[in-house]
Amino acid sequence: LPPARMVVNILNRLLVRCPNAQCDRGRAGGLPLQRGELASHVQQCPVLCSEGCGELVAPCRSVAHQSACPAAVVLCESGGCEHRAPRSEMPAHLVLCPGVLVDCPHGCQLLVARRDMPVHNSVCPSAILECPFGCARRLPRSELAAHDAACLEKVVPCSAADMGCPYSGPRRSLADHELMCSIQKDSRMIQLERTVAQQRRELAAVHETVLAMERRFSQFFDARGFATVAFHRDTGSPFDPEGFDRDGFNRNGFDRDGFGRDGFNRDGFNREGYNHGGFTRDGFNRDGYNRDGFNRRGFNIFGFNPAGFDVEGYNRDGFDRSGFNRDGYNRDGYDRDGFNRQGVNRQGIHRGRMIKLGSLFVPR
């Protein structure tokens, strides 16, 4: 053999000890091993886990052990959680971890991060709530809107509120009130009077049309019933030099002012400026309302504009454009600061336990 190879063989036969102090072949008195076997032995020789779990692990198994070592520090797998802890402690952490997805306790079938549950509880459609009007019913939030429209304890105004009735009370008492409400009766009477007046105007227009037709046919006959053409045999025409007949109408049926026998001009308007439908050129009738039922200020007979709001900015249900009624509460029963009539917010905290900083309320 070459000298170098002989030296290597001699060195590989030298007896050495394992560098691992926990190995039997590394302790004094233990069985030594040849130097050439040391590399393969070290790969199989178990050493204490570097994470401190106390287990002896061969280097060839260190990667697999690391992925399951109970003492290894790992990052919480919940979204957005930065908590780190030994793997053995992670189950206890997950019980309270704010990032863990949990089932909605109200049964809406959504998975919500634990940290977001307070916000979800305030909007969950399946959350059971008490009626804000005090009827003692408990129902899902998704049914509150329908309940709002029928709750007998909800305070509602008289249907004649736009006519000036100041009454407001529980819906259960509204029918009894409206039976006795003088303003309600007056409003019905006013509406009836307007209907009668409109019918009278329509009847007058029909009568005027009939009279115009009678005048149109009467021009062809004299007082004895003979045709008027007999009086114009000299000229052969029933019209004077200016082109008007004895009733003052020209060949086209219009008088000197431009109005026909029915009282309307070529544009279809009578002497008062109203057309056959009873509207002016601006589109308003004698009561000051247009075809859609709105006056020049944009309000109908009940005092509401096309968007459904009265002069004060409230709709028929008594809510303004921001969704708050005259008492300052929205349909869910909360004021603009987020507190109900009992002074409790959606998180269940009383106003007295909060302090206002700017536009926000925070716990004292």
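Quick one, could you list the DSSP H helices from the chain stretching 20 Å or more along their long axis (Cα atoms) with average Kyte-Doolittle hydropathy of 1.0 or above?
Correct list, ordered by number: empty.
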Region 251-314, accessible area per residue, ligands and nucleic acids excluded (1.4 Å, Å²): 62
Convex hull per residue volume in Å³, alpha carbons only, for region 235-341: 93
Cα centre as origin, Lys/Arg/Asp/Glu Cβ charges: the chain dipole, Debye: 1960
Gain in span if fully extended, Ala85 to Ala136, counting 0.36 nm per residue against the direct Cα distance: 13.5 nm
Point-to-point label distance, Leu111-Arg316, nm (Cα→Cβ direction, 7 Å offset): 4.6
FRET efficiency estimate (nearest 0.05) - Cβ-Cβ, Ser173 to His207, R0 35 angstrom: 0.15
Percent accessible area from carbon and sulfur atoms, the chain, protein chains only, probe 1.4 Å: 56
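Could you tell me whether region 52-126 comes out rounded, prolate or oblate from its Cα gyration tensor? Rule is a ≥ b ≥ c as square roots of the eigenvalues, rounded for a/c under 1.5, then prolate if a/b exceeds b/c, otherwise oblate.
It is prolate, given that a/c is not under 1.5 and a/b is the larger ratio.
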P(r) histogram, all alpha-carbon pairs of the chain included - 10 Å bins from 0, percent: 4, 11, 12, 11, 9, 9, 8, 8, 7, 6, 4, 4, 3, 2, 1, 1, 0
Extension gain, Leu48 back to Val8 (0.36 nm per residue minus Cα-Cα distance, nm): 11.2 nm
Residue-span extension gain [Val123 to Arg326] - 0.36 nm each, minus C-alpha spacing: 70.7 nm
Pairwise FRET efficiency - Thr195 versus Asp255, Cβ, R0 = 35 Å, nearest 0.05: 0.55
Simple label model, 7 Å out from Cα along Cβ direction - Asp282 to Arg353, nm: 6.1
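The values are calculated or read from the model by the stated rules, or taken from the named source; none is laboratory data. For clarity, every value in this text was computed on a predicted model and none was experimentally measured. Here the Cβ is made from the backbone with ideal geometry for all residues, glycine too, and neighbour counts use every protein chain on show. Note: areas computed on protein heavy atoms with side chains; ligands, DNA, RNA excluded. Shrake-Rupley method; radii C 1.70, N 1.55, O 1.52, S 1.80 Å.
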